[in-house]
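> I am attaching a structure below and will ask some questions about it afterwards.
The values are calculated or read from the model by the stated rules, or taken from the named source; none is laboratory data. Note that the structure is predicted; figures quoted are calculated from it, not measured. With ideal geometry, Cβ positions are generated from the backbone for all residues, glycine too; neighbour counts draw on all protein chains shown.
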Amino acid sequence: MAEDTPQQEAPQQGGDELDLSRRHPLETRWTLWFDNPSQKQSMNKFGQGLRPVYSFDTVEDFWCLYNNIKAPSQLQPSATYYLFKDGIQPKWEDPKNTNGGCWTATVPRTPNANQLLDAWWLHVVLACIGEQFEEGDEVCGVTVNIRNGKNRIEMWTKTAANEALQISVGKQLKSLIDMSDNTKIGFSVFADKLQQGKARDRAEDVTPDTRAEVQCTLEKRAGAKGPAAVVLDGPPQDEKALQEAKSKAFDLSKIRQYMGADVLSLLSVPVFIMEPTSMLQKMAEMMEYAGLLDAAAAAQNPVERIALVAAFLMTPFGACERAWKPFNPLLGETYELEGLGPNKDARFFAEQVSHHPPVGAAHAEAARWTYDIVSAPKTRFLGNTLEAAAAETYTHLPPHVKVHNVVLGRTWIDAEGDFLVHCPETGLKVVLRFTPCGWFNAGRYQYSGFVTDAAGARRLHLSGQWCSHMDASEVGQGGAPPPPGAARRRLWTCAPKPTGDYYGMTHFARQLNSCGALRAPPLPSDSRRRPDREALAARRLARAGAEKARLEEMQRAERGHRERAAGAAAAAAAWSPRWFERDDSLRLLPDEMDVDSVPAWRWREGGFTRLDARLTAAAAAGGQGKDVRGRAEAGLGARPGGVEDSEVCGRGFAPWQFPHLHG
């Protein structure tokens, strides 16, 4: 995130003016209400000070509202925020609420209670507007109530009589705010409050284990108001306090705590800001230009080789301007590609080898080169290593990439700093300086630099725009940059992008969820099989959010099983990646990051042979006949027309170490 100003104007692209009017619509329109009575209200006077603040139906309008009002922890006691679907008033008497009730989660009294309150409110609000609740139609709204020492979040629902439905919502709410298994949340029935003037609470221990049979009991606590404390009395709130909350523009107090941190790994991100790919698939995107590695391996001149390697390593920037977040891979999740490059002989395989911290490792190879990459938990790719047939190794570190206006305004991406490629065997090095975007779009996308030899002499000049191309030209006299008008030759040109794609994907990225090029159905752990990813691809946001939560809960169950194992069982339960292994003997090369920043992982020997054996067995079990490797040598797929997407995408996802935990 850019730190220089709260909001930077999104620059122009290619000289054309951006359409800043574009908004990302939500499925439902929502209204924020506010109430802050000065004293307790009787039931018949409730709502006299209740006022709507703002209605919104786009992602951008939500963030503009959220960051221009006080956080719940900054409100005075007795104040309440209500976020409700448009057309529903936050009153028990509203027709949409009369037959409903609410789940109540009370914030524990801890030293970090204020931070916890704000985090709960943000997570629950994002889940509501992002349609992450599987029973989205059942949810009416959410409130945050500020009470002396008893701050709480309430989730209002429509149908209190449907016990199974309410238990399901309660489970999802508890999982969303990461409550411990033994913590209880309460449910109140609005009809009881209206008729009796006090709550009848449904005390329920809602555990994340969806397989457990839930017994719901009704308890009438004599004289206890419980969640009925939401009923307030008093004169209307002074307008001044409300205006102060609304007019506090560009308040970054809630944002600065995350400056310099890996923001996207700190929160459970709602699906409406995500794209239907996983991070493993993002790692595979640069394989679109695998032909550059074939050209580098065939080049006779080492200067030409490293220039082509640099061009290959530049290619991810041609697809990095879409600011949607991919799904975090689950532990053991994999992704594979094959038939890459002009000779269709290159293969790629990635695996999520660690969950805390999140680390993905990938390996690609063809007849004359190999490529390895580690994606470490700094929301950028690190630890790239490439080997060519000439027995040369290339290491790479990318420049810094900034995402501007994550919270306010139109999101845009810029890159600045040094782009480094080094070959230890020849001593050749590429240093390219990325120009940061200046005022009025000055310098955006531009980079330039040199290939230098072991003695530091400049041998070749490289320049271009990271979003579109790389050119090479001979250096001027004495190693000076080439003069204007000097001859240039194109090393790489970014492929044209499709117009009107909702996520801004490239043509290659669009095919990452397809199975047409595979010779056999992928492994059960393959990202294509994720049901949340497939639901998002179909724009079924509620379903995607529910599936994402379900998969994350299954992953937590596996982690808990490993943590509870003891003695000899602990060794058997320990996680071990199936396709990669730790490389404790790694020798750091110049410009590589240390193993504390980027863990060392290597592709297990014979990995693709083992993969082919598994796919052959699976193909035989499925009645597909000939072995996979034999069909590959014959230039054939696993069956005519390749693998059908409908048989794989969103189906049979199982990266699990302990399948018996999941039924």
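> Restricting to the stretch 503-528, name every residue that is surrounded by fewer than 23 Cβ atoms within 10 Å (Cβ to Cβ), closer than 27 Å to Glu27 by Cβ and either free of Cβ contacts under 8 Å to residues at least 24 places away in the same chain or among the charged types (D, E, K, R) (or both).
Passing the criteria: only Arg510.
> Scanning for something assigned by the TED database to the domain that holds Phe317, of a type outside the set (D, E, K, R) and at pLDDT below 90, does the stretch 444-457 turn up at least one residue?
Yes - at least one qualifying residue is present in the stretch 444-457.
> Looking at the stretch 360-383 only, could you name the residues that are of a type in the set (S, T, N, Q) and either at pLDDT 50 or above or not assigned by the TED database to the domain that holds Arg604 (or both)?
Of everything in the stretch 360-383, those that are of a type in the set (S, T, N, Q) and either at pLDDT 50 or above or not assigned by the TED database to the domain that holds Arg604 (or both) turn out to be Thr370, Ser375.
> Quick one: how many residues across the stretch 470-482 are touching a helix residue (DSSP H, G or I) at 6+ places or on another chain (Cβ under 9 Å) and at pLDDT below 95?
0
> Would you call Leu313 surrounded by fewer than 23 Cβ atoms within 10 Å (Cβ to Cβ) and of a type in the set (A, V, I, L, M)?
no
> What are the residue pairs meeting all of these: first residue in the stretch 465-488, first residue in a helix (DSSP H, G or I) and of a type in the set (A, V, I, L, M), second residue surrounded by 13 or more Cβ atoms within 10 Å (Cβ to Cβ) and at pLDDT 90 or above, Cβ atoms under 9 Å, and 6 or more apart or on different chains?
As it stands, the answer is none, since no pair meets every condition given.
> Considering each residue of the stretch 462-489, count those that are β-branched (Val, Ile, Thr) and within 13 Å of Tyr447 (Cβ to Cβ), and give that number.
Count: 0.
> Scan the stretch 62-93 residue by residue and report those that are among the charged types (D, E, K, R) and surrounded by fewer than 18 Cβ atoms within 10 Å (Cβ to Cβ).
Asp86, Lys91, Glu93
> Another question about this same structure. I'm trying to understand the selection: among the residues of the stretch 171-184, which are surrounded by fewer than 24 Cβ atoms within 10 Å (Cβ to Cβ) and modelled with pLDDT of 85 or more?
Once the filter is applied, which keeps residues that are surrounded by fewer than 24 Cβ atoms within 10 Å (Cβ to Cβ) and modelled with pLDDT of 85 or more, the stretch 171-184 yields Lys171, Lys174.
> Considering every residue within the stretch 566-577, establish whether at least one is modelled with pLDDT of 80 or more and within 30 Å of Pro398 (Cα to Cα).
Checked against the condition, which is being modelled with pLDDT of 80 or more and within 30 Å of Pro398 (Cα to Cα), the stretch 566-577 yields at least one hit.
> Follow-up. Going by what's in this entry, would Gly141 be described as among the small types (Gly, Ala, Ser), within 27 Å of the chain's Cα centre (by Cα) and buried (at least 23 other Cβ atoms within 10 Å of the Cβ)?
yes
The rows are residues; the columns are (1) assigned to a loop (DSSP other than H, G, I, E, B); (2) modelled with pLDDT of 95 or more; (3) aliphatic (A, V, I, L, M).
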site: Glu304; (1), (2), (3): no, yes, no
site: Leu308; (1), (2), (3): no, yes, yes
site: Ala311; (1), (2), (3): no, yes, yes
site: Ala323; (1), (2), (3): yes, no, yes
site: Pro326; (1), (2), (3): no, no, no
site: Tyr335; (1), (2), (3): no, yes, no
